[in-house]
Amino acid sequence: MDDPGPLAGGGRSVSASAFDFLLDGEVRRISVEARDGALVVREGDRALETGVRRVSANELRLRLGDRSVRVFLARDGERTFVAVDGRQYVVSEPRVDAGRPGAGDDKAAGGSLRVKAPMPGKVTKLAISVGEEVRKNQTLVIVEAMKMENEIKTSIDGVVTKVHAAVGDLVDAEKILVEIEPKAA
Amino acid sequence: MFRKVLVANRGEIAVRVIRACREMGIASVAVFSEADAAALHVRLADEAVPLGPPPAVESYLHMDKIVAAARATGAEAVHPGYGFLAENSAFARRCEKEGLVFIGPNSAALELVGDKVRARQTMEKAGVPTVPGMKSCSASAEEFRAAARALGYPVMVKASAGGGGKGMRIVTDDGGLAPALEAGRREAKSAFGDDSVYLEKYIEEPRHVEFQVLADNHGRTVHLFERECSIQRRHQKILEESPSPALDAKLRREMGETAVRAMRAAGYNNAGTVEFLLDKDGHFYFLEVNARLQVEHPVTELVTGVDLVRQQILIASGADLPFRQEDLAQRGHAIECRIYAEDPGANFLPSAGRIVLLREPTGPGVRFDSGVFEGFEVPVFYDPILAKLIVWAEDREAARRRMAAALQDCVILGIHTTAGFLGDVVGHPEFRAGRATTSFIGKHFASWGTGEGEDERKRLALAAAAFEALSPGAAPGGAAEPGRKKDTATPWTTLGHWRAGGEA
């Protein structure tokens, strides 16, 4: 939909609140105010105006122009799951690490790559060992979950410095499996 | 008729079989691993027997424990569902030896069709067309390479004991052969306990069309028409329908008769499915026999009006098939969508965890075969299927629209599922036109969830989260959260009743 653009005057502003949310691991800063029965949500210089009707404890009906969008919400501890048009997003306070599983590997201080398990499962194969040189997209570990094999690969060229898993281990999502020192350019 | 049946499975299919038993006045016995102590099938069964630790080899695949559970509870028959021991001829034989009725084919037929290479030989002899492929699994690396070259790349590595896409790999050149064989063997070993693999010519962009067969123990065999199963990811079906948009009456009759001939050649009884590949020119090839009740059996039930699980139990108890081929007809159109615990936005990675919200679709022509409930912790150990959504309507377009609406009513929060993805599949013009082949998902849905509308959806999600934070309504399990002041009046609690201009 088109942004209504910055909204100036005209409406009855009830109140405005600012929120920092983590949406699928990404920090989003928005402000929200109520105006003429609608919510005006601003993020940076973009604004979105939507009518809101609470259908039940877990369901909202948002109105965008002449379109109606069903939104389902459910809280689980610190995280709120929000489904919009069949897509699920995880929203939380920025301090909670609650991104989409498999959101990606991260770089540790010093620049080494920490390769993580994208989902809970069982380690069925270690294809590398410490000291081994690896090429980008090379398979490091195979994790089996729900009867499917998932090849965990490196996104960089480098040398394996640490292996944190053994064949047969049950690992949780986001568990660091392998660390790789990038190859000097 | 049996008085008590043990259901050697879990999830939605165990629930399906337990319900059939209940309707037939048969007591049901569930079995469960430690990961499933609170599972739905355990809740529904009349009795439940623990099997031990979560890994399938120590629970649902452990024959001694399952036979002991049948003994201890006095069950006279075992329904294996699909997966696990369903196509294990050693288990069928064991049941026969122990005086338990295996609700499925006889062990000899199961062994024959379960060995993909022997099955092909039998089919060739019976005049059933087959895909060109290797005649044996016991080949050296050189022999595999020679066979691949003789067949011509691309070729497919397949598990001899296979099914459900496990152990399958497409190979396009010599270099890819060794790793594909290794991966195929490892996956086959883990899924079926048997690492034999073989090669087959890979037919590009085929349709996958299968025929449901029922055969009683007295030589009567009928087919219940086809299911079109071309919508697949990772060679695994995610949507099935009947009738197939690709068949006309003549081809349907020809394939149906071939399916019956194939099952007779195998000496098959009870329910089973003959899978065919159908190429662009209308040639069909025998692929394999699925010697079990299949995941997608409900679409056949809805278009033929036959309860396949009930028939399975009746046949196993020795009853005659109550109909002949000419009594059977397809009426209307049925579509099934498989709701998997997978993240379609991240290459269908499995998504285990707790279901914090579940809304089941309902309404005329809507059936939801589910193995889960709100609050259930989906374990990592088993197949990711959560539920199946099946719809029936007078014609294909009406069924497609009904499915689209029902998928929007199918809400599962807390883990990722395929429901939203399937909504886009049924809305796609190629699917609407009935033209989808097995390459449909790879071609049109390679990068789902990143495209059109994603920005807006994210901002709506943020808006909803902000509204929720200001005016809390959601809580785990849909119940009020302790300590929340829900009835405090603020502008936000009344905002919900406002109308943006013109809402009816």
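The values are calculated or read from the model by the stated rules, or taken from the named source; none is laboratory data. Computed from a predicted model, the values in this text were never measured in an experiment. In this analysis, Cβ positions are derived from the backbone assuming ideal geometry, glycine residues included, and neighbour counts consider all displayed protein chains.
For B:GLU226, work out the one condition from (1) more than 14 Å from every other protein chain (Cβ to nearest Cβ); (2) closer than 30 Å to B:ASP307 by Cα; (3) surrounded by fewer than 23 Cβ atoms within 10 Å (Cβ to Cβ) it doesn't fulfil.
(3)
Could you tell me whether any residue of segment B:198-211 is under 30 Å from B:HIS62 (Cα atoms), at pLDDT 95 or above and of a type outside the set (A, V, I, L, M, F, W, C)?
Scanning segment B:198-211, I find no residue that is under 30 Å from B:HIS62 (Cα atoms), at pLDDT 95 or above and of a type outside the set (A, V, I, L, M, F, W, C), so the answer is no.
Of all residues in segment A:44-58, count the ones that are more than 8 Å from chain B (Cβ to nearest Cβ) and more than 20 Å from A:PHE19 (Cα to Cα).
Residues in segment A:44-58 being more than 8 Å from chain B (Cβ to nearest Cβ) and more than 20 Å from A:PHE19 (Cα to Cα): 1 in total.
Tell me which residues, restricted to segment B:323-378, are within 14 Å of chain A (Cβ to nearest Cβ), of a type in the set (Lys, Arg) and within 17 Å of the chain's Cα centre (by Cα).
Passing the criteria: only B:ARG338.
B:PRO54 - would you say it is part of a strand (DSSP E or B), at negative phi and not hydrophobic (A, V, I, L, M, F, W, C)?
On the way: part of a strand (DSSP E or B): no; at negative phi: yes; not hydrophobic (A, V, I, L, M, F, W, C): yes.
Criteria not met by B:PRO54.
Report yes if A:LYS162 is over 26 Å from B:ALA341 (Cβ atoms) and surrounded by fewer than 20 Cβ atoms within 10 Å (Cβ to Cβ), otherwise no. If you could, list the steps in order and put the result at the bottom.
Working: over 26 Å from B:ALA341 (Cβ atoms): yes; surrounded by fewer than 20 Cβ atoms within 10 Å (Cβ to Cβ): yes.
Here the answer is yes, as A:LYS162 does meet what is asked.
Where residues in segment A:66-85 are at the interface with chain B (Cβ under 7 Å from one of its Cβ atoms) and among the acidic types (Asp, Glu), which of them is surrounded by the most Cβ atoms within 10 Å (Cβ to Cβ)?
Here the answer is A:ASP76.
If I go through segment A:143-159 residue by residue, how many of them are surrounded by fewer than 18 Cβ atoms within 10 Å (Cβ to Cβ) and acidic (Asp, Glu)?
Residues meeting the conditions: 2.
Looking at A:SER13, A:SER17, A:SER92, which is the one that is surrounded by fewer than 18 Cβ atoms within 10 Å (Cβ to Cβ) and modelled with pLDDT of 80 or more?
Details: A:SER13 fails: modelled with pLDDT of 80 or more; A:SER92 fails: surrounded by fewer than 18 Cβ atoms within 10 Å (Cβ to Cβ).
Of the residues listed, the single one that is surrounded by fewer than 18 Cβ atoms within 10 Å (Cβ to Cβ) and modelled with pLDDT of 80 or more is A:SER17.
Assuming B:TRP392 fulfils every condition listed in (1) out of contact with any Asp or Glu (no Cβ under 6 Å at 6 or more places or on another chain); (2) crowded, with 17+ Cβ neighbours inside 10 Å; (3) of a type outside the set (Val, Ile, Thr); (4) within 14 Å of chain A (Cβ to nearest Cβ) apart from one, which condition is it?
With respect to (1) out of contact with any Asp or Glu (no Cβ under 6 Å at 6 or more places or on another chain); (2) crowded, with 17+ Cβ neighbours inside 10 Å; (3) of a type outside the set (Val, Ile, Thr); (4) within 14 Å of chain A (Cβ to nearest Cβ), B:TRP392 is out only on (4).
Checking the condition modelled with pLDDT under 50, over 30 Å from B:GLU240 (Cβ atoms) and within 11 Å of chain A (Cβ to nearest Cβ), which residue from B:ALA479, B:ALA465 passes? Spell out how you get there, then give the answer.
Details: B:ALA465 fails: modelled with pLDDT under 50.
Checking each option against the conditions leaves just B:ALA479.
Can you work out which of the residues in segment B:66-107 that are touching a Leu at 6+ places or on another chain (Cβ under 7 Å) and among the hydroxyl-bearing types (Ser, Thr, Tyr) is surrounded by the most Cβ atoms within 10 Å (Cβ to Cβ)?
Per the stated criteria, the residue is B:SER89.
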